[in-house]
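**Q** First the structure, which I've put down as structure tokens, then a few questions once you've had a look.
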Amino acid sequence: MELYKSQQLIIYNSLSNKKEDFVPLTEGYVGMYVCGPTVYSNVHLGNVRTFLSFDMIFRYFKHLGYKVRYVRNITDAGHLENDADAGEDRIAKKARLEELEPMEVVQQYTVDFHNVLNEFNFLPPSIEPTATGHIVEQIEIIKTILDKRLAYEVNGSVYFDVLKYNESEHYGILSGRNIEDAIHNTRALDGQSEKKNPQDFALWKRAQPEHIMRWPSPWGVGFPGWHLECTAMSTKYLGDQFDIHGGGMDLKFPHHECEIAQAQANKGVTPVRYWMHGNMLTLNGKKMAKSTGNNILPGELISGNNDILSKPFAATVARFFMLQAHYRSILDFSNDALEAAERGYFRLMNAVNALNNLRSSDTSSIDLAAWKQQCYDAMNDDFNTPILIAHLFEGVKYINQLKEGKATLTEADLKEFKETINAFIFDVLGLENVSVQDTSDKLSGVVEMLVKMRDDARANKDWALSDKIRDELQTLGIQLKDGKDGTTFSVN
RNA sequence: GGCGUCGUGGCCGAGUGGCUAGGCAGAGCUCUGCAAAAGCUUGUACAGCGGUUCGAAUCCGCUCGACGCCUCCA
């Protein structure tokens, strides 16, 4: 029997601002869409955090036995630099600056994005559509909205008529805004706007002559508005209404608000049942952002090549660090916090590595079923990974007790214990075990030889020699660990 | 100005109206020739002021502080 039948998941829905029982549209299947990156520069760790949250969510759904179609797009066009009429496509702007073909920029940063995700052990989404590959679909949606008179054309551009839409629907339903208030609180534009209302957003923009990313349309040559692409791609692959739409908190307004309005206008149905928003990763208490330079790149983390980092960190350590906070909480990035997470991570992995050496007994002194259910309860409660990790550390304690014979598990229980630990750590959290290093045979041989020499010296109470061997290996980054059953070593 | 979030012990970070989060650091202990490593044990807390309640870090109000969105943004 699939796990989801016995594990009831609760999800915090940003639309209702409440935790709700998760009931998919079709039993056993989950449709999930997450706004992907705009590929005009390298993704930073803040971006990674959001995608990581949804990677974990994707993984847990799969673990529960759901068949998941996870769609995460690549925004490679149609993303306005700003909403003024002089708006320029981000991709095109970058391309001109670097004198590259737009698709060359897209290619470069898409590859970077994928490399980063790979480094962080992300599962690939089921479909990764691009905006440029869905121009036709976007044009069709615009036509429909125009037919319904919820959009209007001006000078080769098409704008969504927010006020008209608001007559029958609620524009602002997701972000808790009221369109009337918004109008009164919007700083007056400089009178150049061709929009009826400042709140109106572009579905299609006319391309200026120098604009190099352009497509023909019924309204002339132009390019699609940013919000529209997500509507086109999500509904195309997941249906007019689907289960989950995710993204960063900063996309809630206007992006997701616009998505709801467009899709509702297009098909007469609200597109998403559960809206999920991941919170920001901050640096020095401020949101990481490309524009302000207040960010850290994944490459810098891994190389340690950044002033605030004292040393390089493995991607999986950063992953562990982020999962120690709840996805809906703001998390502040710092070297100290990362170092603390790293030590905890190693403790966890040390215990995992000891798992295979444990022996079973005739009886169990641990209530394994209760512990296991606590792990599920944590995840079932809106993906509470910090609580799950706390229970996994409880598991670490069990492992150490088993190792020392202070606790026992039957063969069946031990098997289940191992499976559960491995499932949560590697399948659900997606951590990788980097503490098991492949040291070359030659190096191992040399170190073991030295260990043997040191053992002899110790047997002869030649402390000077034994300490010398130990200290010099330490200097080389090889640490000897004297345990009960002899000496082992680890390479840093 | 509008909408919203948050303020937990040295640090990071969970949390249900009454019962231990967890990690890191600190302290003590075990192991050790001495260390290191590892393991065990363990203290300090809920921004401030009021209110509701038998009881609140957890609900309500106010004050202070921080942040997010309102323009591109994960």
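**Q** Once phi is turned into ³J(HN,Hα) by the Karplus curve 6.51 cos²θ - 1.76 cosθ + 1.60 with θ = phi - 60°, what whole-Hz value does each residue of segment A:214-222 show in order, with x for glycine and proline?
**A** With coefficients 6.51, -1.76 and 1.60, one gets 8, 9, x, 8, x, 9, x, 7, x Hz.
**Q** List the residues, sorted by chain then number, that are 5 or more residues from A:Asp89 or on another chain and whose placed amide H is less than 5 Å from its amide H.
**A** A:Glu81
**Q** Related question: First select every other residue whose beta carbon is under 13 angstrom from the beta carbon of A:Gln107; then total the charges, Lys and Arg +1, Asp and Glu -1. Could you put the intermediate results ahead of the total?
**A** On the way: positive: A:Lys94; negative: A:Asp76, A:Glu98, A:Glu101, A:Glu104, A:Asp112.
My count for the surroundings of A:Gln107 gives -4.
**Q** Excluding A:Gly405 itself, calculate the net charge of residues whose Cβ lies under 15 Å from the Cβ of A:Gly405, where each Lys or Arg counts +1 and each Asp or Glu counts -1. If you can, show how the numbers build up before the last one.
**A** Working: positive: A:Arg359, A:Lys397, A:Lys403, A:Lys406, A:Lys484; negative: A:Asp362, A:Glu404, A:Asp485.
Taking every other residue near A:Gly405 into account, the sum is +2.
**Q** So, one more: So between A:Arg347 and A:Glu2, what do we pick up on full extension, going 0.36 nm a residue minus the alpha carbon distance?
**A** Numbers: separation 345, 0.36 × 345 = 124.20 nm, distance 3.20 nm.
So the chain would gain 121.0 nm between A:Arg347 and A:Glu2.
**Q** Given the C-alpha atoms of segment A:282-428, compute the convex hull and give its volume per residue in Å³.
**A** On the way: hull volume 16.9 nm³, N = 147.
About 115 Å³ per residue, rounded to a whole number.
**Q** Next question. Is the shape of segment A:1-84 rounded, prolate or oblate, going by the alpha carbon gyration tensor and its root eigenvalues a ≥ b ≥ c, with a/c under 1.5 for rounded and a/b larger than b/c for prolate?
**A** prolate
**Q** Using a basic spin-label model with each label point 7 Å from the Cα along Cα→Cβ, how many nm lie between A:Glu128 and A:Ile387?
**A** Placing both labels 7 Å along Cα→Cβ, they lie 3.3 nm apart.
**Q** Put +1 on the Cβ of every Lys and Arg and -1 on every Asp and Glu Cβ in chain A; which of A:Ser41, A:Leu465, A:Ser175 then has its Cα farthest towards the positive end of the dipole?
**A** A:Leu465
**Q** Moving on. Could you tell me the center-to-center distance, by alpha carbons, between segment A:339-401 and segment A:214-255 in angstrom?
**A** 42 Å
**Q** Another question about this same structure. For segment A:441-491, which whole percent of the accessible surface, found with a 1.4 angstrom probe, sits on carbon and sulfur atoms? Walk me through the numbers on the way to the answer.
**A** Numbers: 2000 of 3760 Å².
Carbon with sulfur: 53 percent of the solvent-accessible area.
**Q** Can you give me the % of accessible surface on segment A:1-100 that is carbon or sulfur? Probe 1.4 Å, all protein chains present, nothing else counted. Can you show the working numbers first?
**A** Working: 1800 of 3890 Å².
On segment A:1-100, the fraction of accessible area on carbon and sulfur atoms equals 46 percent.
**Q** Which of rounded, prolate or oblate describes segment A:139-291 when judged by the alpha-carbon gyration tensor and an a/c cut-off of 1.5? All intermediate terms of the calculation are to be shown ahead of the outcome.
**A** Values: a/c = 1.33, a/b = 1.21, b/c = 1.11.
Here segment A:139-291 falls in the rounded category.
**Q** Let me ask something additional. State in Å² the accessible area per residue of chain A; use a 1.4 Å probe, count heavy atoms of protein chains only, and round to the nearest integer.
**A** Numbers: 23100 Å² over 492 residues.
Roughly 47 Å² per residue, with all protein chains present.
**Q** Can I ask one more? Suppose only helical runs count, i.e. DSSP H with n ≥ 4. What mean residue ellipticity at 222 nm does that imply for chain A under -39500 (n - 2.57) per run, divided by all residues and rounded to the nearest 500 deg cm²/dmol?
**A** Values: 16 runs with 208 residues, N = 492.
Helices in chain A give a 222 nm mean residue ellipticity of -13500 deg cm²/dmol.
**Q** My understanding is that a pair violates if its Cα-Cα distance is over 19 Å; which of A:Lys403/A:Lys452; A:Lys205/A:Lys236; A:Lys148/A:Lys196 do that in this structure?
**A** Working: A:Lys403/A:Lys452 26 Å; A:Lys205/A:Lys236 22 Å; A:Lys148/A:Lys196 17 Å.
Long pairs (Cα-Cα over 19 Å): A:Lys403/A:Lys452; A:Lys205/A:Lys236.
**Q** May I ask for the net charge around A:Trp463, where only other residues with Cβ less than 14 Å from the Cβ of A:Trp463 are counted and Lys, Arg are +1 while Asp, Glu are -1?
**A** Numbers: positive: A:Arg454, A:Arg458, A:Lys461, A:Lys468, A:Arg470; negative: A:Asp455, A:Asp456, A:Asp462, A:Asp467, A:Asp471, A:Asp482.
Net charge in that neighbourhood comes out at -1.
**Q** Averaging over all projection directions, find the projected area of the Cα convex hull of chain A and quote it in nm² with one decimal place. Could the numbers behind the result be given before it?
**A** Details: hull surface 111.8 nm².
The number I arrive at for chain A is 28.0 nm².
**Q** Rounded, prolate or oblate: which one fits segment A:3-278, using the alpha carbon gyration tensor with axes a ≥ b ≥ c (rounded when a/c is under 1.5, else prolate when a/b beats b/c, else oblate)? Before the final figure, lay out the partial values.
**A** Numbers: a/c = 1.87, a/b = 1.26, b/c = 1.48.
Since a/c reaches 1.5 but b/c is at least a/b, the shape of segment A:3-278 is classed as oblate.
**Q** Right, here's the next one. Any chance you could look up the accessible area of A:Ile469 with a 1.4 Å probe, heavy atoms only, rounded to 10 Å²?
**A** A:Ile469 has an accessible surface of roughly 20 Å² with all protein chains in place.
**Q** Given H placed 1.01 Å from N in the peptide plane, which residues other than close sequence neighbours of A:Ala407 have an amide H under 5 Å from its amide H?
**A** Under 5 Å from the amide H of A:Ala407 lie the amide H atoms of A:Leu402, each far enough along the sequence or on another chain.
**Q** Using modelled amide H (1.01 Å from N, peptide plane; none on Pro or chain starts), what sits under 5 Å from the amide H of A:Val154, excluding residues fewer than 5 places away?
**A** Amide H neighbours of A:Val154, under 5 Å, 5+ apart: A:Tyr159.
**Q** Can I ask one more? Points 7 angstrom from Cα along the Cβ direction at A:His114 and A:Phe253: gap in nanometres?
**A** Result for the modelled spin labels: 3.8 nm.
**Q** Continuing with this model, one more query. HN-Hα J couplings of segment A:164-170 from phi, Karplus 6.51/-1.76/1.60, θ = phi - 60°, integer Hz, Gly and Pro as x?
**A** So the Karplus estimates, Gly and Pro as x, are 5, 4, 5, 5, 10, 10, 10 Hz.
**Q** Could you check the simple spin-label distance between A:Thr26 and A:Met103, using points 7 Å along Cα→Cβ, in nm with one decimal?
**A** Each label point is offset 7 Å from its Cα along the Cβ direction, giving 3.3 nm.
**Q** Suppose a student asked you for the relative contact order of chain A, using Cα pairs under 8 Å spaced at least 6 residues apart; what percent would you report? Show your work: numbers first, answer last.
**A** Numbers: 739 pairs, mean separation 75.8, N = 492.
The normalised contact order for chain A reaches 15 percent.
The values are calculated or read from the model by the stated rules, or taken from the named source; none is laboratory data. Quick caveat, the model's predicted, so the values are computed rather than measured. Reconstructed Cβ throughout: ideal geometry from the backbone, glycine too, with neighbour counts over all protein chains shown. Ligands, DNA and RNA are excluded from the accessible area calculation, which covers all protein heavy atoms including side chains. Shrake-Rupley method; radii C 1.70, N 1.55, O 1.52, S 1.80 Å.
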